[in-house]
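The block underneath contains the structure these notes are about, expressed in structure tokens.
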Amino acid sequence: MPSNLHKALLTWYQHHKRKLPWRGESDAYRILLSEMLLQQTRVEQAIPYYQRFLQQFPNLETLAQASQEDVLKAWQGCGYYARARNLHKLAQQLVFAGQALPCSSVELLALPGIGPYTAAAVASMAFGEPVATVDGNVRRVLSRLFAWEKPSPKQVQETADTLMAQLVNRRGDRDTPGNWNQALMELGATVCTPKNPSCGACPVAPFCQGKNHPERYPAAQKRLQKSLEMVALVLQGPAGVHLELRQGPVLGGLWGVPMEEDPGALERLLARFGLDKAEPVGAVRHDFTHRKLNIQVYKAPYEAKENPGQRPLSRLDRKILKLVETKSLRLL
């Protein structure tokens, strides 16, 4: 089966792959940027960020010389800002040491923010290293191909590694590993989709053990989200609003309005800024991967001078400021 499977999928990929700005790219930096974006961002959303980021930071050198604030500003709206911080840190680490991006997955793994998937993707696509990538798409394709309901990460990775090794043993050209990895991911993204897969158009359907009941493979994974009650205080003045530099792994390096977790959040915020009261504005809800925030928004006059348009803000803070702006316009 493997020989015919490889041929069927690679032939399909050559004729049906989507035209994407990073596809066919050999520059390791551009491949790395695309893979960092695609970790948590859908392809159609990632494209404008990829193009805009390259316009501002066309190579590792320009990225290394930039300030973190400029990097986060370019990433603004894309979310999961640790990716941008790590990419910036990686560029500085390499450039200031006079080094280029390493060509092996093992060396890439030692760099900030690069995990097994990204290391394998860059090493295979940029340098032709025969290492298998496993993301959600690959996991789904292999689970249906072999009718696995609850495959372990080790099971999926070992199978992907075996398929890669079998392919490379027969076809030793440099482009094969990257094309194979991209073909598996492309199949999962466009044909072997989570819901309503197009089994009739699948090039590997003759080999698929789960095609009669694809929705069973793999079994859905439950994502637990912790619900948090928060309070945000928007402090406004004639010259702008009050913004604070955020800390922490999620929004660190971005700017935002003062915010604290309930209970007692509003009282603590008012005391911190020497205020007696604040006007309720409304509520904002915002989801992170493992957290669901319910935020009560208040506003109060203050000597504030920050222009939000000149600072990198998270999508959450933009939603809060938009709510306050909308409510203020309704009162005019």
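The values are calculated or read from the model by the stated rules, or taken from the named source; none is laboratory data. In this text the structure is predicted, and so the values were computed from the model without any measurement. Positions of Cβ are generated from backbone atoms using ideal geometry, with glycine treated the same way; all protein chains shown enter the neighbour counts. Side chains are part of the model used for accessible areas, which takes the heavy atoms of the whole protein and leaves out ligands, DNA and RNA. Shrake-Rupley method; radii C 1.70, N 1.55, O 1.52, S 1.80 Å.
Size of the dipole of region 175-332 about the Cα centre, Lys and Arg at +1 and Asp and Glu at -1 on the beta carbon, nothing else charged, in debye to 20?
360
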Calculated FRET efficiency for the pair ASN169/LEU228, C-beta based, R₀ 51 Å, to 0.05:
0.50
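Of the accessible area of the chain, with the probe set at 1.4 angstrom, what percent is carbon plus sulfur?
Looking at the chain in its full context, I get 51 percent from C and S.
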For the chain, what's the relative contact order in percent, using C-alpha pairs closer than 8 Å and at least 6 residues apart?
17
Across LYS195/LYS327; LYS7/LYS154; LYS19/LYS322; LYS17/LYS154; LYS222/LYS319, pairs whose alpha-carbon gap is larger than 31 Å
LYS195/LYS327; LYS19/LYS322
Taking 7 Å along the Cα-to-C-beta vector as the label spot, tell me the ASP262-GLN40 distance in nanometres, rounded to one decimal.
2.6
Taking a ≥ b ≥ c as the square roots of the eigenvalues of the Cα gyration tensor, with a/c under 1.5 meaning rounded and otherwise prolate when a/b exceeds b/c and oblate if not, region 11-61 is prolate
What figure in square angstrom, to the nearest 10, would you give for the accessible area of SER198 with a 1.4 Å probe?
50
Averaging sequence separations of C-alpha pairs under 8 Å and six or more residues apart, then dividing by the length of region 108-257, give the relative contact order as a whole percent.
22
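R0 = 35 Å: FRET efficiency of LYS322 with LYS17, Cβ-based, nearest 0.05?
Values: r = 38 Å, r/R0 = 1.09.
FRET efficiency, LYS322 to LYS17: 0.40.
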Backbone HN-Hα couplings from phi across region 135-141 [Karplus 6.51/-1.76/1.60, Hz, Gly and Pro as x]:
10, x, 5, 5, 4, 5, 4
Nearest 10 degrees, 0 to 90: what angle lies between the long axis of helix 82-96 and the longest principal axis of the chain (Cα atoms)?
70
Extending each Cα 7 Å along its Cβ direction at GLN221 and GLN55, get the distance between those two points in nm, one decimal.
3.6
Ordered by residue, what ³J(HN,Hα) values in Hz, to whole numbers, does region 192-199 give under the Karplus form 6.51 cos²θ - 1.76 cosθ + 1.60, where θ = phi - 60° and Gly and Pro are x?
8, 7, x, 10, 6, x, 8, 4
Could you run the Karplus curve 6.51 cos²θ - 1.76 cosθ + 1.60 with θ = phi - 60° over region 238-255 and give me ³J(HN,Hα) per residue in whole Hz, x for Gly and Pro?
x, 9, x, 10, 8, 10, 10, 7, 7, 10, x, x, 8, 10, x, x, 8, 10
Just how much of THR326 is accessible, in Å², when a 1.4 Å probe is used and the result is rounded to the nearest 10?
50
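So what is the diffusion coefficient of region 120-196 in µm² per second by Stokes-Einstein at 4 °C and 1.567 mPa s, using a Kirkwood Rh over Cα pairs?
D = 103 µm²/s.
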Angle between the chain longest axis and helix 28-38 axis [Cα atoms, degrees, rounded to 10]
70
Sorted by chain and then number, the residues having a modelled amide H within less than 5 Å of the amide H of TYR302, at least 5 places away or on another chain, are GLN236, GLY237
If the convex hull is drawn through the Cα atoms of region 280-325, its volume per residue in Å³:
82
Beta bridges by DSSP in the chain, antiparallel share as percent, to the nearest 5:
55
Ordering PHE57, PHE273 from largest to smallest accessible area (1.4 angstrom probe), what's the sequence?
PHE273, PHE57
Accessible area (Å², per residue) of the chain, counting only protein heavy atoms and a probe of 1.4 Å:
51
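Where does the charge balance sit around ALA147 when Lys and Arg score +1, Asp and Glu -1, over other residues with C-beta under 10 Å from its C-beta?
Working: positive: ARG144, LYS211, ARG216; negative: GLU149.
That sum, taken over residues with Cβ under 10 Å, equals +2.
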For LYS89, give me every one of the lysines with a C-alpha distance below 21 angstrom, ignoring sequence neighbours fewer than eight places off in its own chain.
LYS73
Given axes a ≥ b ≥ c from the Cα gyration tensor, I'd like to know whether the chain is rounded (a/c under 1.5), prolate (a/b larger than b/c) or oblate.
prolate
Cα-based helix-to-principal-axis angle, 153-170 vs the chain, degrees rounded to 10
50
Mean projection of the alpha-carbon convex hull of region 200-284 over all orientations, in nm²?
11.3
Testing the spin-label approximation: label points 7 Å from Cα along Cα→Cβ at ASN196 and LYS305. State their distance in nm.
5.6
Stretch HIS290-GLU69 to full length: gain in nm at 0.36 nm per residue minus the Cα-Cα span?
77.0 nm
The set of residues whose placed amide H lies less than 5 Å from the amide H of ARG246, leaving out same-chain residues fewer than 5 positions away, is GLY253, LEU254, TRP255, GLY256
